[in-house]
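Asks: Take a look at the following structure, please.
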Amino acid sequence: MQVGQLVATAMEKAVWGLRDQNPDLCTAVIEGDAEVNEHHRAIRELCHTTILIQQPVARDLRHVLSYERTSSELERMGDHCVSIARIARSLCDLPDEPSSEGLGALAGECRTQLLDMLNAVETADVEAAREVAERDMVVDQQYRRIFDSYVASMGADAASASRATGLVFVAHYLERIGDRVTNIAEDLIFAETGALEELG
């Protein structure tokens, strides 16, 4: 789960860099993505080697496939964090209007759900995974409110449109991270029960 912790930290730093208009934090997130990618590559290689050499079946095979899919979801979350950091870095020289403050709460909810899901995966707790996935509606609701707020600010003040557009994309990437947390829940349920559940 080390890669998951790296992603959670990257998310926190990216939004922190946005809020504090700190280009160095944003650059650290972008450069740190190489470590996430390397973990993903190593996990994929291990999963493929396990399938080729040990030829797992039934529950064991489901676990291997689930580990690989979970790793891929985390790698994509890392990419979303990089996208946030790039947008944040591009906005550092613009006035903080509209404010990015609302994005902090959205990012905090996404990060909490990610960490809770990682705990569910580590303990193979299917019910906990379902509970975390249900909380994705909180992320969706916050996203819609933030989206509407920034769109409204574009109409009210044309000068803020560039920054507001960037913040809309940041919110979108955070919402996508929430969706990928739900995907991990589905992978865990499949690994443990063999059932394909649609939780989103």
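Asks: Can you tell me how many residues in the range 111-122 are farther than 22 Å from K13 by Cβ and either buried (at least 20 other Cβ atoms within 10 Å of the Cβ) or aromatic (F, W, Y) (or both)?
Replies: The number of residues fulfilling the criteria is 2.
Asks: So, one more: Identify, from the list D157, D140, D136, the residue that is at pLDDT below 95, out of contact with any His (no Cβ under 7 Å at 6 or more places or on another chain) and farther than 18 Å from Q5 by Cα.
Replies: D157
Asks: Sticking with this structure for a sec: Taking interchain pairs and intrachain pairs at least six residues apart, which have beta carbon atoms under 8 angstrom, with the first residue in the range 153-180 and over 21 Å from G200 (Cβ atoms) and without any contact (Cβ under 8 Å) to a residue 12 or more places away in the chain and the second among the small types (G, A, S) and surrounded by 17 or more Cβ atoms within 10 Å (Cβ to Cβ)?
Replies: Final answer for the pair search is M154/S160; M154/A164.
Matching residues to (1) modelled with pLDDT under 95; (2) assigned to a helix (DSSP H, G or I); (3) out of contact with any Gly (no Cβ under 7 Å at 6 or more places or on another chain); (4) surrounded by 14 or more Cβ atoms within 10 Å (Cβ to Cβ):
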position: T9; (1), (2), (3), (4): no, yes, yes, yes
position: D24; (1), (2), (3), (4): no, yes, yes, no
position: R41; (1), (2), (3), (4): no, yes, yes, no
position: C47; (1), (2), (3), (4): no, yes, yes, yes
position: V64; (1), (2), (3), (4): no, yes, yes, yes
position: A88; (1), (2), (3), (4): no, yes, no, yes
position: P98; (1), (2), (3), (4): yes, no, yes, yes
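Asks: Report the residue count in the range 107-135 for those that are in contact with a helix residue (DSSP H, G or I) (Cβ under 7 Å, 6 or more places away or on another chain), under 26 Å from L18 (Cα atoms) and of a type outside the set (D, E).
Replies: Number of matching residues: 9.
This table checks each residue for (1) of a type in the set (D, E, K, R); (2) surrounded by 15 or more Cβ atoms within 10 Å (Cβ to Cβ); (3) free of Cβ contacts under 8 Å to residues at least 60 places away in the same chain.
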{"position": "L106", "(1), (2), (3)": "no, yes, no"}
{"position": "E109", "(1), (2), (3)": "yes, yes, no"}
{"position": "A124", "(1), (2), (3)": "no, no, no"}
{"position": "V139", "(1), (2), (3)": "no, yes, yes"}
{"position": "R145", "(1), (2), (3)": "yes, no, yes"}
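The values are calculated or read from the model by the stated rules, or taken from the named source; none is laboratory data. Just so you know, these numbers come straight off a predicted model, no measurement behind them. So basically every Cβ, Gly included, is an ideal-geometry build from the backbone, and we count neighbours across all protein chains shown.
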